[in-house]
Each structure stands twice: as C-alpha cells, then as structure tokens.
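Input: a single structure, listed below in structure tokens.
The values are calculated or read from the model by the stated rules, or taken from the named source; none is laboratory data. On a predicted model such as this, the values are computed, not experimentally measured, just so you know. All Cβ positions, even for glycine, are placed from backbone atoms using ideal geometry, and neighbour counts span all protein chains on display.
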Amino acid sequence: MDPSYVYLIAGFVLLVFGGDYLIKGGSRLSALLGVSPLLIGLGIAAFGTSAPEAAVSIKAAVSGHSAVSIGNILGSNIANIGLAIGLALLIFGMKESHRQIWKESVFGLLATLLLLALSVTAFSRYGDYGLNTVGGFILLFFFAGYLYHLFRMSRSDKKKSRDEEQEVIQNRPLEYVKSSAMTIGGIAGVIFGGSFVVDSAVTIAQSWGISETLISVTIVALGTSLPEIVVSVMAVRKNHWDMALGNILGSNLFNILFVLGTTATIKPMEFSVFNSMVLPDLIIALGITLLLFFIVIQKERSGSALWKSRMQGLVLLLAYAAYMVFAILRK
C-alpha cells in the first residue's frame, strides 16, 4: 500500500481521537476551574486548533507570499463558520441558546472590519494595500484587549451546569493534571492529524493528476481548518454547543488579531492582489460572520425548532460551497 494512504488513515484517526480527548479534557477542566466550557472553547481550544493557520500564514508571509498568508487566514475563517458550524447545525441542530456567543460574534465582525480598515490605510510607502508594522502592532494591541476580556470573563463567569461532575472531581488534585494532559494531548492530536491528512491528501491528489490550483483552494484550505471542524462536530455531538461556537469564534479572532498581527510586525505584508483576491474574501468573511450573528441572536431571543436550526446549517454550508466555487473559478 502507498504510504500516503496509511498517513491519511492515521491522520483521520488522530483527528477523531484528538478531538474526543480535547472535548473530554476541556469539559472536565472547565468544571475544575469553575468556568464555562464556552471560555475553554474561546481560549485554550481556539488557540490550540489555530496552530496550523498560524504556521502556514507566518511562513508564507515571511517568505514574501503575503497574499497567500491572508488568503489562508480568511479562507480558514470562512470554512470555520460555513463548514464547521454549518455541518454541526445540519447534523445535530442547536438545542439551546448561549447568551455570550452573540458578543463573541460581534468581536469577530469588528476584528474583520479592523483588518479591512488597516489594509487600505496602513501601508504607506510599501504599496497601496497591506499591513505594515504599525498595523501589526494595532492588531496585537486589540488581541491583548481580547485576552483581557477572556480574563475578566473567567473572573465573573458563573458555571451553571455540570455541578455533579465538579463535585466528583473537585477534591482530586491529580484531576487537574489529568484534565490538562487530556486537553493538551487532544490539541496535539488534531494538529498532527490535520497535518498528516493535508500532506498525504496533496500527495494522493498529485498522483491522480489534479492541478495544484485546485489542491491549494480545496485540500490545503480545508486542511488547516480540519482541527476546528473536528473539534466543533465532536463537541456538538457531546452537547457542548458553547465549546464548539467558542472554539470557532475564538479561532477566527486569533487568526486575525494574533497571526496577522505577529506576521506584520515581523515583516510588512503587501497585498498586491487586494481588489481581486483579498477584498472579496474580506467581504465574504464579514458576511458569513454576520449570518452566524443573526442565527445566534434569533436562537437566543425566540428559540427555534431543531429542523429550523438544521436549515440554518444548510444555508451556511451552501454559502461555503458558493465561496469554494467562486475561489476555484477566479484562479
């Protein structure tokens, strides 16, 4: 058997088991710390599952491929909502509302708008569009503010569920170590699993004669979002919608504020194909984040039947499919 197929299978196994351990460890850790799973999703899980995007984008920008860097970030953010949340909604539906989520989706909208504003105003002599060092520091400044927001949330967060689980484990000091190890191990599993799947899938696709362009906008773009997709679906399967949504929205914020902020401070990023490549993706990222905001607001205010939330998932998936068609045709 071709080793690529072995790595592909091993990658999917790592993704599944890694996602399962991340959700188990994260939910137990939230009980031990007395915070909601939403906070775990927004913080630890989001930052961990964003590692592939960070590695790909920083490497691309430093190598002089700024358009690839921001394209990967925006494409990943669109996939996180359209594909990951769309799949979770379509398969499982949203059974309850989450009061904090609408605020996090607003942060996602503001971060994308900030990136758009900086891209057209903060590049001076390097070119018409892009991110210079000042723009990078501005993004990192807002990222620090987001971290402070998470810190305040952890201080004021009142856990309203899983009381029995906390009662069982709160007097066992080793549970802190065990839960942390499960969470970190789960993150490592989804990161390495995603890497195995992407690398082996690219090799297999090339052996089948599929073009590099099609590979780049499908396999690679989806591959860096695999950790978020797997973690979100696994979380929803265990009825942890708060952790799933927190993971996606936190990851998207991390991608824009930290990854692009860090990249621009290391090396200014010039967007030479802004009007044809970057701007459309920015608008689509704004639109799909706004769509998720309306879905969450509607759920919180009036609730909805499972069939309705599944239809909302279908809309997100169709929006992502339309984006993929657009991305392929414009190459």
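Worth pointing out:
- The residue pairs whose first member lies in segment 309-327 and is in contact (Cβ under 8 Å) with a residue 12 or more places away in the chain, whose second member is among the small types (Gly, Ala, Ser) and in a helix (DSSP H, G or I), and whose beta carbons are closer than 6 Å, counting only pairs six or more residues apart or on different chains, are GLY313/GLY86; LEU316/GLY82; LEU316/GLY86; LEU317/GLY86; ALA319/GLY82; TYR320/GLY82.
- Check on ALA60, out of contact with any Pro (no Cβ under 6 Å at 6 or more places or on another chain), small (Gly, Ala, Ser) and modelled with pLDDT of 80 or more: no
- Lone qualifier among LEU90, LEU74, LEU109, LEU113 - being at pLDDT 80 or above, crowded, with 22+ Cβ neighbours inside 10 Å and either over 14 Å from the mean Cα position of the chain (by Cα) or not small (Gly, Ala, Ser) (or both): LEU74
- Qualifying residue in segment 296-315 (condition: in a helix (DSSP H, G or I), under 28 Å from LEU147 (Cα atoms) and β-branched (Val, Ile, Thr)): yes
- For segment 153-172, residues that are surrounded by 10 or more Cβ atoms within 10 Å (Cβ to Cβ) and modelled with pLDDT of 60 or more total 3.
- Selection status of SER195, polar (S, T, N, Q), at pLDDT below 75 and either touching a Cys at 6+ places or on another chain (Cβ under 7 Å) or part of a helix (DSSP H, G or I) (or both): yes
- Test: residue in segment 252-260 that is of a type in the set (Phe, Trp, Tyr), surrounded by 22 or more Cβ atoms within 10 Å (Cβ to Cβ) and at pLDDT 85 or above: yes
- Lone unmet requirement of (1) surrounded by fewer than 19 Cβ atoms within 10 Å (Cβ to Cβ); (2) modelled with pLDDT under 90; (3) under 21 Å from LEU110 (Cα atoms) for MET269: (1)
- Breaking point among (1) under 18 Å from PHE192 (Cα atoms); (2) at pLDDT below 75; (3) hydrophobic (A, V, I, L, M, F, W, C), for ALA67: (1)
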